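Colleague: One structure follows; several queries about it will come next.
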Amino acid sequence: METYELEVSKMIKADPERVYRVLSDYQNEHPNILPKPYFSNVEVERGGIGAGTVVKVQMKVMGTVQHFRLTVSEPRPGREIREEDPEAGIKTIFTLEPGPDRDRCQVTLKTLWQKKKGMRGLLERLLNPLIIRPIYVKELNLLEAYCEEKLT
């Protein structure tokens, strides 16, 4: 099935290993970087850290609430985390690329949606980037602030 995607990146002032720990810990740390009020009701169903984790999350945008049941995988441990909800037709990939020194890393957040047919599909393709991009920018900013706060 065809997809469309949205990608946001940021160079984060934090050790890549620390950033990866935050992203992969759905039990204690990852919920702290999810922008409110968009994300809520994060519930770990299985696991909690890294591959094999299953987490339920609620996302509210423009008055519409969506529920996701995400399965986490780590195709490249330490470098890439994937969250996937096949039923919703959505996949989000966090990719880390270490900077030239060990106190920075490039974090890329990319989401792929399955294209829907008809008017709903057209509206999603037009509006999702405009709505979701600022949320993802906020999430990356929260990730950086959270990593800095934990170091001090």
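Colleague: Of (1) over 15 Å from L6 (Cβ atoms); (2) under 12 Å from the mean Cα position of the chain (by Cα), P100 satisfies all except one. Which?
Modeller: Here P100 meets the rest and fails (2).
Colleague: Which numbered condition in (1) surrounded by fewer than 18 Cβ atoms within 10 Å (Cβ to Cβ); (2) at pLDDT below 95; (3) under 17 Å from E148 (Cβ atoms) is the only one that Q106 fails?
Modeller: All conditions are met except number (2).
Colleague: In this structure, does T64 turn out to be without any contact (Cβ under 8 Å) to a residue 24 or more places away in the chain, more than 18 Å from N128 (Cα to Cα) and hydroxyl-bearing (S, T, Y)?
Modeller: Values: without any contact (Cβ under 8 Å) to a residue 24 or more places away in the chain: yes; more than 18 Å from N128 (Cα to Cα): no; hydroxyl-bearing (S, T, Y): yes.
For T64, the condition - without any contact (Cβ under 8 Å) to a residue 24 or more places away in the chain, more than 18 Å from N128 (Cα to Cα) and hydroxyl-bearing (S, T, Y) - is not met.
Colleague: Restricting to strands (runs of 3 or more DSSP E) lying wholly in segment 1-79: which have 3 or more residues that are in contact with a helix residue (DSSP H, G or I) (Cβ under 6 Å, 6 or more places away or on another chain) and within 20 Å of L143 (Cβ to Cβ)?
Modeller: Details: elements: 3-12, 39-46, 54-61, 64-76.
The strands (runs of 3 or more DSSP E) meeting that bar are 3-12.
Colleague: Consider segment 98-134. How many of its residues are touching a residue at least 60 places away in the same chain (Cβ under 8 Å), under 26 Å from E17 (Cα atoms) and not aliphatic (A, V, I, L, M)?
Modeller: Residues flagged as touching a residue at least 60 places away in the same chain (Cβ under 8 Å), under 26 Å from E17 (Cα atoms) and not aliphatic (A, V, I, L, M) within segment 98-134 amount to 11.
Colleague: Given P16, P31, which one is crowded, with 16+ Cβ neighbours inside 10 Å and over 19 Å from F68 (Cα atoms)?
Modeller: P16
Colleague: Looking only at residues in segment 35-70 that are hydroxyl-bearing (S, T, Y) and more than 13 Å from the chain's Cα centre (by Cα), which one is farthest from F94 (Cα to Cα)?
Modeller: Taking segment 35-70 and keeping what is hydroxyl-bearing (S, T, Y), we get 38, 40, 53, 64.
From what is left, the residues that are more than 13 Å from the chain's Cα centre (by Cα) are 40, 53, 64.
Working: S40: 19, T53: 15, T64: 25 Å.
Result: T64.
Colleague: Just a yes or no: is a residue in segment 57-72 within 22 Å of E148 (Cα to Cα) and in contact with a Ser or Thr (Cβ under 6 Å, 6 or more places away or on another chain)?
Modeller: no
Colleague: Moving to a separate point now. So R82 clears everything in (1) touching a strand residue (DSSP E or B) at 6+ places or on another chain (Cβ under 8 Å); (2) assigned to a loop (DSSP other than H, G, I, E, B); (3) of a type outside the set (A, V, I, L, M); (4) closer than 30 Å to P100 by Cβ except one condition, right? Which one?
Modeller: Result: R82 passes all but (2).
Colleague: Please work out if P16 is under 14 Å from the mean Cα position of the chain (by Cα), closer than 20 Å to L96 by Cα and either at pLDDT 95 or above or not aliphatic (A, V, I, L, M) (or both). Lay out the reasoning, then the answer.
Modeller: Values: under 14 Å from the mean Cα position of the chain (by Cα): no; closer than 20 Å to L96 by Cα: yes; either at pLDDT 95 or above or not aliphatic (A, V, I, L, M) (or both): yes.
No, not satisfied.
The values are calculated or read from the model by the stated rules, or taken from the named source; none is laboratory data. Everything numeric here is computed off the predicted structure, so don't read it as measured data. Counting neighbours? That spans all protein chains shown, and the Cβs are built from the backbone with ideal geometry, glycine included.
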